[in-house]
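Following: one structure in structure tokens, then a few remarks.
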Amino acid sequence: MESRVVNKGQISELLDKLAKDYNLFAPVKDETMTLFRRVSGAQDVLLDYNNSDISPKGCFLPQNEKTFSYMYTGDSLEINKPEGAQKTVLFGARPCDIKAVLTFDPVFEGVKFGDEYYSSKRENSIIIGLSCTKVLSTCFCYAMGGGPCDITGSDLLLTEIGDKYYVEVITEKGQALVDAYSQIFAKQDTAQLAKDKDELAKKLSGEFVRKVDLTGVKELMDNNFELPYWSGDDQKKCISCGICTYVCPTCHCFDIFDYTTGDFTGDRIRCWDSCMYPEYTLEAGGHNPRPTRKERIRNRFMHKIKYHLDRYNMVGCVGCGRCVIKCPVNIDITKIINDLKEVAQNA
Ligand code: SF4
Ligand code: SF4
């Protein structure tokens, strides 16, 4: 694997060039929130952030997305689809959020049901990750197979070391980009920077305060769908606000509706939805298979640590800690995992 160096003094030049040549998505400050959005140049980008309030998942699964427009003329139905995705760079995403994109891939690019809107964005995107420089008290990526400097899923990973960024080239897409911008991605001896990165990764891995261990939890869930635990007081606190699912980088439930623009014309829109809403599973006949908070909470957490593993052999949580921070009633996935582990041990 090749590696390069970018001097910090050249990062603005890099961002400006990327914004000119690509749709550039990068972290920005929007009033009190940090989130990812399309930017027009370096002046918009926030490089010094810990973990964004909203993940970059919208780059691949936008919060609202027109899938097609329709027009019924009386004789025929005309369908117009948007053009495929433009060349895009997602810059500055943290390793946990990039790993989260990998959890989307088998869902939207499954063998049986490929999703052309998602695939087009994935194919036309380059992901430039940015290693973390701090571990928050809510982070637990290490327990989900990740890490603050993990290269998984990035095309390039930048790690800030002193007045430089150490650049790891991970994929052919990443290689093509560094070659195209070779005046910025300098070829230098990177042996010391590689050592510094390892040191940083080691230092950060010692800073996690949350102890989370998944051992035995899936096996418990495999055999115990009706655990009394799910009816406990902690779980009853949920107010079905759905915030946990909106901020979660791996949650991908969506709804589809028609936005009519005339008697016979309209747009079909896909938008984020949440399995924490009572209406999410409400069927037309009035039956709801997840009628209470107990079933909805159970589904969300079983999806993360059992169903996604069953279907795609990967955990459906990357340990970003956003749901822990944002839940208004302090429902905490790390506590749930540890509680379930205790139940498993005492079973
Ligand atoms: S479940 Fe919570 S901690 Fe896990 S990826 Fe989603 S928001 Fe992050
Ligand atoms: S954020 Fe908390 S209260 Fe809101 S739906 Fe999620 S678990 Fe329930």
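Nothing in this text is a laboratory measurement; each read-out follows from the coordinates by a stated rule. Here the structure is a predicted model, which is why all the values come from computation and not from measurement. Counting neighbours? That spans all protein chains shown, and the Cβs are built from the backbone with ideal geometry, glycine included.
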Percent antiparallel among DSSP beta bridges (both partners in the chain, rounded to 5): 80 percent
Short version: ³J(HN,Hα) in whole Hz for each residue of the stretch 212-228, in order, from phi by Karplus 6.51 cos²θ - 1.76 cosθ + 1.60 (θ = phi - 60°), x for Gly and Pro, what are they? 10, 9, 7, 3, x, 5, 5, 4, 5, 5, 4, 10, 9, 6, 9, 5, x
Pairs of Lys in the stretch 80-192 closer than 15 Å at Cα, counting only those 8 or more apart or on different chains: 5
How large is the translational diffusion coefficient of the stretch 1-159 in µm² per second when you combine the Kirkwood radius over alpha carbon pairs with Stokes-Einstein at 37 °C and 0.692 mPa s? 190 µm²/s
Express the C-alpha Rg of the stretch 248-300 as a ratio against the empirical globular expectation 2.2 N^0.38 Å, rounded to two decimals. 1.43
Computed helical MRE - 222 nm, the chain, DSSP H runs ≥ 4 contributing -39500 (n - 2.57), nearest 500: -8500 deg cm²/dmol
Would you mind counting up the charge near Asp53? Only other residues with Cβ under 13 Å from its Cβ, with Lys and Arg at +1 and Asp and Glu at -1. +3
Calculated from backbone phi, Karplus (6.51, -1.76, 1.60) coupling profile of the stretch 97-104 in Hz, x at Gly/Pro: 6, 6, 4, 5, 4, 5, 6, 6
Taking every DSSP bridge whose two residues both lie in the stretch 1-89, the antiparallel percent to the nearest 5 is 85 percent
Under a Gaussian network model of the chain whose springs join Cα atoms within less than 10 Å, the largest fluctuation of Glu65, Glu116, Glu31 belongs to Glu31
Most exposed first by the Cβ proxy, i.e. fewest other Cβ within 10 Å, how do Thr138, Thr34 rank? Thr34, Thr138
Run through every distinct alpha carbon pair of the stretch 89-134 and return the Kirkwood hydrodynamic radius in angstroms, one decimal place. 11.5 Å
The stretch 114-265 pair-distance distribution - Cα-Cα, 10 Å bins, rounded %: 8, 22, 28, 23, 13, 6, 0
Please compute the net charge surrounding Cys271, taking Lys and Arg as +1 and Asp and Glu as -1 over other residues with Cβ under 15 Å from its Cβ. -3
In whole Å, what are the Cα extents of the stretch 145-189 along the three principal axes, biggest one first? 34, 27, 14
In whole Å, largest first, what are the principal axis extents of the Cα atoms in the stretch 72-200? 70, 38, 24
Can you give the Rg to Rh ratio for the chain, taking only C-alpha atoms and Rh from Kirkwood? 1.00
Fewest Cβ neighbours within 10 Å first, please rank Arg270, Arg322, Arg94 accordingly. Arg270, Arg322, Arg94
Pairs on different chains or at least eight residues apart, Cα atoms closer than 18 Å: how many lysine pairs in the stretch 202-347 fit? 24
Formal net charge of residues neighbouring Asn338 (Cβ-Cβ distance under 11 Å; K, R +1; D, E -1): 0
